[in-house]
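First the structure, in the form of structure tokens, and then the observations on it.
The values are calculated or read from the model by the stated rules, or taken from the named source; none is laboratory data. Just so you know, these numbers come straight off a predicted model, no measurement behind them. Every residue, glycine as well, gets a Cβ built from its backbone with ideal geometry; the counts of neighbours run over all protein chains shown.
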Amino acid sequence: MYYNSNFERKISNKLLTTCPECGCKIINSDFERVCINCGLVIGEIFSDHSYIMSNMIESYNLSNKQYVALGERINFIGGLGTCIDFENSYYLKDKNGNLLPPVSQKLFRRLKKNYSKFIRIKNFETEYRILKILNNVVSYLNLNNIIRNNAAYFYRKIIKSAPRVINNISLIAFCLYYSLRQNNDSVPLSIKEISKIFQIIGHRVTPRLIIRDGIMYKKYLDIKDSSLKSEKYLPRFINEIITHQSLKERLIKKGIKWNLSKYKKELTIMAEFLLKNLNRKQRGGRNPLILAGAIIYCADKILAIKNSQKKILTQKLISSATKIAEYSIRDHYVSLLKPIFLRNNLMKIPK
């Protein structure tokens, strides 16, 4: 259920703090404001930015210069409002689902034809094409609408602020990557993974282009960026390893009595424990994605020692499941994790 609070009007510089339905406290969760009791969604939060209605300009602090019109969607270019019925529908119906009489059918078909897509997107053809690509990618990855809306907002903010955009497709790829980083509850994707998705859909986007756009246009977003940690990648990597086709065979081959569910639980607990005991200095600016893969490999070794059983995972299996190079996993394990958790026995293994 969603509550429309007219963009959370900040006339008195105060946001709604209690639920209009049950009166309980409202918290911020994943770019939304939600009641902790009934779960009512009060409104969306667009990071450090907000939208206000144009008729509120006189009563609002003019430091915010972003205004929108009724009917505008941030992730879509299509003019005010929407088209008549569905875009490709031929037989038109009324609000009750009944077919219109022949005279009305003829009238509204003509109106629908005249209000063509070209008229709706005139002078915004590039934005329409780019936002359509964004919607296709978000649909392919099955991401939520909040990530999509923020990526579209970042894109529109950059093209309005930057004097020149070199490549719009690589720019929307960077905006999607940056939106995923800003979303605290989503599993981040690497630049390489995002570029691969764009290539699958049919667009020549390389990691180098995304990084270039990030260096050039990030300054226009004016949003504080938080660094990613290995903890964000851990659940996704463990799921990929558990669902790997050869893992079940290795459990049987090594004589392990655990099923996949039990092994996943033990591996997750151990990996989280190891990451918790790695301080910022020990991580030393290492790639969080690679470190997460190496932590899983180290956790499996410690589980084998703890339970007097053979180790299950290999560097090759982890590399195949997570798409991390074997030598990278080996380097992080040998140079960082092995001296701390195994060789010098500096950390106590949890029970």
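Data for the structure
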item	result
Total residues in region 76-87, condition more than 25 Å from Ile201 (Cα to Cα) and either touching a Phe, Trp or Tyr at 6+ places or on another chain (Cβ under 7 Å) or at pLDDT 85 or above (or both)	2
Count - residues of region 247-266 that are closer than 16 Å to Tyr297 by Cα and polar (S, T, N, Q)	0
Per-region count, region 221-239, residues modelled with pLDDT under 90 and either more than 16 Å from Arg181 (Cα to Cα) or of a type outside the set (A, V, I, L, M, F, W, C) (or both)	12
Residues (basic (Lys, Arg) and either modelled with pLDDT of 80 or more or surrounded by 15 or more Cβ atoms within 10 Å (Cβ to Cβ) (or both)) located in region 88-144	Lys93, Lys106, Arg109, Arg110, Lys112, Arg120, Arg129, Lys132
Residues that are outside any loop (DSSP other than H, G, I, E, B), among the β-branched types (Val, Ile, Thr) and farther than 14 Å from Gln309 by Cβ, drawn from region 242-274	Ile242, Thr268, Ile269
Any hit, region 164-180, residues being surrounded by fewer than 21 Cβ atoms within 10 Å (Cβ to Cβ) and either small (Gly, Ala, Ser) or closer than 24 Å to Gly285 by Cα (or both)	no
Among the residues listed as Lys311, Lys248, the single one being touching a residue at least 12 places away in the same chain (Cβ under 8 Å), touching an Asp or Glu at 6+ places or on another chain (Cβ under 9 Å) and surrounded by fewer than 18 Cβ atoms within 10 Å (Cβ to Cβ)	Lys311
From the options Ala325, Ala299, residue that is surrounded by fewer than 21 Cβ atoms within 10 Å (Cβ to Cβ) and modelled with pLDDT of 90 or more	Ala325
Residue count, region 145-161 (criterion: touching a strand residue (DSSP E or B) at 6+ places or on another chain (Cβ under 8 Å) and crowded, with 21+ Cβ neighbours inside 10 Å)	1
